[in-house]
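Trainee: Dumping the structure here so I can ask a few things about it.
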Amino acid sequence: TEHFTFDPGFTSTGSCESKITYIDGDEGILLHRGYRIEDLAEHSDFMDVSYLLLHGELPSRSEKLAFEKAITYHTMVHEQLNYFFRGFRRDAHPMAIMVGVVGALSSFYHDSTDIGDPHQRMIASHRLIAKMPTIAAWAYKYSVGQPFMYPRNSLNYAENFLQMTFGVPAEEYKVSPTLARAMDRIFILHADHEQNASTSTVRIAGSSGANPFACIAAGIASLWGPAHGGANEAVLLMLQEIGHKDRIHEFIKRAKDKDDPFRLMGFGHRVYKNYDPRAKVMQKSCHEVLSELGVDDPLLELAMELEKIALEDDYFVSKKLFPNVDFYSGIILKAMGFPTTMFTVLFALARTVGWVAQWKEMIEDPNQRISRPRQLYTGYAERPYKPIDKR
Ligand code: CMC
């Protein structure tokens, strides 16, 4: 008597209307508000892209200035949060800290976040985008036992994040323009990707009218897994485990083996059945950054060889498995000095703008209803209660 479509993993279910991001998976095209990701990565900065995702248009000069001012106004976190960090073990995974700390923001903005008020929604959005670099950098600082660095609003978004991550109070931190540009581009490439697991999680959490800071914490939790944002960390660990070109075939063989759970990390995508356009930009950027920094990392050569061998292999060709955004990002982040455990944190930082834009779009959608998937029940039919001495 029940009528619904059974669709595990939501491979064929559209859950919402959205004007933010378009993906053509067969062609390998990604557009934000109609603009190609390649063009945004080349010509824009992360503030342009954030404004675009939130407001639908690229900002004029004055709109951009006002937006940057609104974001920098909120870069500090409540000093009390400083103590919250200190409750974590020093060796906690920074993603675990992110889930906790961002969730805790809801306790600071519990009463002021009236999601029915567009002004409050905008402030919550700005706060999240502004505070994420501070929180991410502090998660790192805590793990290495260095003092927390406060934001400096004379710096741009990426520079400020680098300053809070790699700077120390003892000396002036000189931001390298190469690093800052590379960081900004990585943020752009991760800004949004329509209804992936973490974004859908944010929308589902938010569909009940929940506090937006708590919803973003839910998104961070979902992103953490190796099938999603955790893949960038997993790719680097995989490359390190392979270690040498001679061992690539062994790992390719394992990836193809149905009885072996091993998968080639950074390969395959639910929507892209072609080269992920973000991976192309990332690969180019990887070469540029490594050569500008004078880093010669054998892992880059190993990654390119692995890609070449996989793309010529029948298994990967027939299943249309191509490198995704996570395949090359880890090598750049490693060259920039980030430990592997921070990779997914950077993804979360950048994706926050996408989550916030999608959350806002959902709340403002007149057709919005609480998300409530159905199920195919496969358990017992009704049966008589069994008293304890009969069990
Ligand atoms: N290595 C080996 N085989 C693979 C891989 C891989 N990386 N990805 C998919 N396959 C196979 C899979 O075994 C399945 O084979 P069969 O049809 O014979 O059972 C077929 O390809 C389809 O895979 P699926 O798991 O049904 O596809 P999905 O859409 O459910 O999963 C995915 C997509 C991204 C989770 C998956 O490709 C994967 O696990 N990739 C590795 C992890 C990764 O790189 N994730 C990052 C995704 S992109 C950015 C992000 O979201 O963070």
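Trainee: Which of PRO59, PRO261, PRO373 moves most in a GNM of the chain, Cα contacts under 10 Å?
Mentor: Looking only at PRO59, PRO261, PRO373, the largest GNM fluctuation is found for PRO261.
Trainee: Across bins of 20 angstrom width beginning at 0, how are the C-alpha pair distances of the chain distributed, in whole percent?
Mentor: 26, 56, 16, 2
Trainee: Here's something else I'd like to know. Only Cα pairs under 8 Å and at least 6 apart count here; give the relative contact order of the range 231-336 as a rounded whole percent. Don't jump to the answer; show the numbers that get you there.
Mentor: Details: 120 pairs, mean separation 45.9, N = 106.
Over the range 231-336, the number comes to 43 percent.
Trainee: Ok, one more. When a/c is below 1.5 the answer is rounded, else prolate if a/b is larger than b/c, else oblate, so apply that to the range 1-143 with a ≥ b ≥ c taken from the square roots of the Cα gyration tensor eigenvalues. Present the calculation step by step, with values, prior to reporting the outcome.
Mentor: Working: a/c = 1.66, a/b = 1.25, b/c = 1.34.
Verdict is oblate for the range 1-143.
Trainee: Can I ask one more? State the answer as a single residue: which of PHE148, GLY28, LEU236 lies farthest towards the positive end of the charge dipole of the chain, with beta carbon charges of +1 for Lys and Arg and -1 for Asp and Glu, about the Cα centre.
Mentor: Result: PHE148.
Trainee: If packing is taken as the average count of other Cβ atoms within 10 Å, what order do 272-282, 24-34 fall into, highest mean first?
Mentor: Details: 272-282: 21.7, 24-34: 16.5.
Top of the packing list down: 272-282, 24-34.
Trainee: In whole Å, what three semi-axes, largest first, describe the equivalent ellipsoid of the range 65-152 built from its Cα gyration tensor (square root of 5 times each eigenvalue)? Working shown, then result.
Mentor: Details: eigenvalues 122, 47, 18 Å².
Semi-axes (√(5λ), whole Å): 25, 15, 10.
Trainee: Additional query: Can you list, bin by bin at 10 Å, the percent of alpha carbon pairs in the range 222-339, starting at 0?
Mentor: 14, 49, 33, 5, 0
Trainee: Highest GNM mean-square fluctuation, the chain, Cα pairs closer than 10 Å: which of TYR83, TYR140, TYR51?
Mentor: TYR83
Trainee: To continue, here is another question. May I ask for the distance between the Cα centers of the range 242-279 and the range 1-52, given as a whole number of Å?
Mentor: If you average the Cα positions of each part, the centres end up 24 Å apart.
Trainee: Among LYS284/LYS308; LYS253/LYS320; LYS64/LYS284; LYS19/LYS308; LYS19/LYS319, which pairs are too far apart, with a Cα-Cα distance over 24 Å? Before the final figure, lay out each step's value.
Mentor: Working: LYS284/LYS308 15 Å; LYS253/LYS320 17 Å; LYS64/LYS284 28 Å; LYS19/LYS308 36 Å; LYS19/LYS319 30 Å.
Check vs 24 Å cut-off fails for LYS64/LYS284; LYS19/LYS308; LYS19/LYS319.
Trainee: Would you look at the GNM of the chain, springs on alpha carbons closer than 10 Å, and say which of ALA66, ALA381, ALA158 moves the most?
Mentor: Of the options given, ALA381 has the highest mean-square fluctuation.
Only the coordinates and a few stated rules stand behind these numbers; no lab work does. Keep in mind that what you see is a predicted model, and the values were worked out from it rather than measured. Here the Cβ is made from the backbone with ideal geometry for all residues, glycine too, and neighbour counts use every protein chain on show.
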